[in-house]
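What follows is a short report on a single structure.
The values are calculated or read from the model by the stated rules, or taken from the named source; none is laboratory data. These figures come from a predicted structure and were not determined experimentally. Methodologically, a virtual Cβ is constructed for each residue, glycine included, from the backbone with ideal geometry; neighbour enumeration extends over all protein chains shown. We work out accessible area using only protein heavy atoms, side chains counted, and drop any ligands, DNA or RNA first. Shrake-Rupley method; radii C 1.70, N 1.55, O 1.52, S 1.80 Å.
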Amino acid sequence: VEFDIKLPYSIPSDGITHLVAVKTSDMPASYYHYLVPKMESEAFLIAKVTGWEELNLLPGKANIFYEGTYVGETMLNAALLTDTMELALGRDNGITVTRTKLPDKERNKALGSDIEKTVTYELKMKNNKSNTLKIVVEDHIPVSQNEDIKVEMKDKGSSEYNDKTGLLKWSTSINSKENKTLTFTYSITYNKDLPLSCLLYTSPSPR
């Protein structure tokens, strides 16, 4: 790759490394907010950039600035990118989210010594910004790794649910100043003679 630097520069002979601009390009981008309420109460702003293939990007470290403010750095490797490049632009407290576990419901199964516990989570979000925002929300339910415990999705709401990983994903929008609530419910069935903490069940973390 050859860069033809058309801008004139005067670089002093002072023994200090100086950064110069090689090329400036504008690329189309769309934005959405990514929320993982189990891990963070704030959203992350993500930019989806297209048209980057024409820039002849070299592998290496990239500094990210948003609205003139440095937000962090990332590693770029064009060989691993898809048609759309996603860049995280840091936290955005313009959206707040709370994750609340509602009281569990328990009942004894008609046969045997099993107990069924029903668990419901409520995700409440508020858009404090003056415009409508696209959001992606991720959560998950446990995935059983023990034959003595059964986990069943009862109500996935409007989410996309992956029964292999337990991941729930909502892709939606939230209007300015709007409050939006998402819920999901699952059940856990286990032997009442064993404490639930002994019946190990795990679930993958969101990305």
Can you find a residue that is touching a helix residue (DSSP H, G or I) at 6+ places or on another chain (Cβ under 9 Å), of a type in the set (A, V, I, L, M) and open to solvent by 40 Å² or more (accessible area, probe 1.4 Å) anywhere in the range 81-104?
yes
In this structure, is Arg107 part of a strand (DSSP E or B), at pLDDT below 80 and open to solvent by 50 Å² or more (accessible area, probe 1.4 Å)?
yes
Of the residues in the range 39-74, those that are touching a Gly at 6+ places or on another chain (Cβ under 7 Å) and surrounded by fewer than 15 Cβ atoms within 10 Å (Cβ to Cβ) come to Gly72
Which strands (runs of 3 or more DSSP E) does the range 1-96 wholly contain that include 1 or more residues that are among the charged types (D, E, K, R)?
42-49, 60-66, 69-76
Across the range 132-149, what is the number of residues that are more than 17 Å from Asp114 (Cβ to Cβ) and open to solvent by less than 40 Å² (accessible area, probe 1.4 Å)?
9
Tell me which residues, restricted to the range 150-164, are open to solvent by 50 Å² or more (accessible area, probe 1.4 Å), under 23 Å from the mean Cα position of the chain (by Cα) and either modelled with pLDDT of 95 or more or not small (Gly, Ala, Ser) (or both).
Asp155, Lys156, Glu160, Tyr161, Asn162, Asp163, Lys164
Going by the structure shown, is Lys164 within 26 Å of Tyr34 (Cα to Cα), assigned to a strand (DSSP E or B) and among the basic types (Lys, Arg)?
no
